[in-house]
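Notes follow once the structure below has been shown.
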Amino acid sequence: MVRENEIRENEVAVTPPEPVDAGLVFIGRIHTPWDQRLLCPRQGRADGPLCRIEIFEPWAQALRGVEAFERLEVLYWLDRARRDLVLQSPASNGKVHGTFSLRSPVRPNPIGTSIVQLDRVEGNVLFVRGLDCLDGTPLLDLKPDRSLFKPIAAPQPGDDETGEKAA
Ligand code: SAM
């Protein structure tokens, strides 16, 4: 895993296509106590420090109902990560792992996800615990924790399908 954009022994970088981020809209900003990658938790913890998720306009009204969920899934853009490594060495020991077998911030599309504990909502700001990102990290999306969410819309046939089916 790359901590400060360096390349380690046996790690492999490729020349990726020019990144095109225009398809995503940053809907807010995450405020955390960490201003350096080396100080961030590797994964957030439910009893970690209180962090703030600020929602930009015009999205604040989309927060209606989130307070019903004890836990939320947060998706964010790990904006300071390099994106070109296909093999990484998290332990810096020459042993390498494929990017898609890791939760490293270094990936072609640097999306991070965390399940956070919702402490409270104040206007357009959520107070949560369980994040692991740098202060100022852009927010991509918020959803209720899957395990707490029951679909509101009517069921669909696929809901009951089981077994194998060739795609
Ligand atoms: N929990 C998320 C996941 O599993 O998808 C992210 C895990 S990633 C291992 C967390 C690490 O990413 C942090 O320890 C820090 O080194 C790095 N990081 C955090 N915020 C970042 C940012 N905005 N840009 C680049 N790297 C970041």
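Worth pointing out:
- So ASP21, is it closer than 25 Å to ILE115 by Cβ, modelled with pLDDT under 95 and not in a helix (DSSP H, G or I): yes
- GLY163 vs. criteria exposed (fewer than 14 other Cβ atoms within 10 Å of the Cβ) and assigned to a loop (DSSP other than H, G, I, E, B): yes
- Contact map, segment 39-68: first residue touching a residue at least 12 places away in the same chain (Cβ under 8 Å) and closer than 12 Å to VAL121 by Cβ, second residue surrounded by 15 or more Cβ atoms within 10 Å (Cβ to Cβ) and of a type in the set (Gly, Ala, Ser), Cβ cut-off under 7 Å, separation 6 or more or different chains; pairs are ILE53/GLY28; GLU54/GLY28; ILE55/GLY28.
- Within segment 112-142, the set of residues being in a strand (DSSP E or B), within 16 Å of the ligand (Cβ to nearest atom) and under 16 Å from PHE56 (Cα atoms) comprises THR137, PRO138, LEU139, LEU140, ASP141, LEU142.
- Matching option when the condition is within 14 Å of the ligand (Cβ to nearest atom) and either at pLDDT below 95 or in contact with a Cys (Cβ under 8 Å, 6 or more places away or on another chain) (or both), among THR32, THR15: THR32
- Where a residue in segment 112-134 is without any contact (Cβ under 8 Å) to a residue 60 or more places away in the chain and its partner, wherever it lies, is of a type in the set (A, V, I, L, M) and more than 16 Å from the ligand (Cβ to nearest atom), with Cβ under 8 Å and at least six apart: LEU118/VAL66; LEU118/LEU126; ARG120/LEU126; VAL121/LEU63; VAL121/VAL66
- If you go through segment 130-153 and keep only what is acidic (Asp, Glu) and closer than 19 Å to VAL25 by Cα, you end up with ASP135, ASP141.
- Enumeration of residues in segment 80-117 that are open to solvent by less than 50 Å² (accessible area, probe 1.4 Å) and among the hydrophobic types (A, V, I, L, M, F, W, C): ALA81, LEU85, LEU102, VAL106, VAL116
- In segment 62-79, the qualifying residues are those that are open to solvent by less than 40 Å² (accessible area, probe 1.4 Å) and in a helix (DSSP H, G or I), and the one that is nearest to LEU118 (Cα to Cα) is VAL66.
- Taken over segment 23-60, the criterion of being within 14 Å of LEU139 (Cα to Cα) and either of a type in the set (Ser, Thr, Tyr) or open to solvent by less than 40 Å² (accessible area, probe 1.4 Å) (or both) is satisfied by ILE27, GLY28, ILE30, THR32, CYS51, ILE53, ILE55, ALA60.
The values are calculated or read from the model by the stated rules, or taken from the named source; none is laboratory data. Computed from a prediction, not measured in an experiment: that's the story for all the values here. Every residue, glycine among them, receives a Cβ derived from its backbone with ideal geometry; neighbour counts consider all protein chains shown. Protein only, heavy atoms only, side chains kept; ligands, DNA and RNA dropped before computing areas. Shrake-Rupley method; radii C 1.70, N 1.55, O 1.52, S 1.80 Å.
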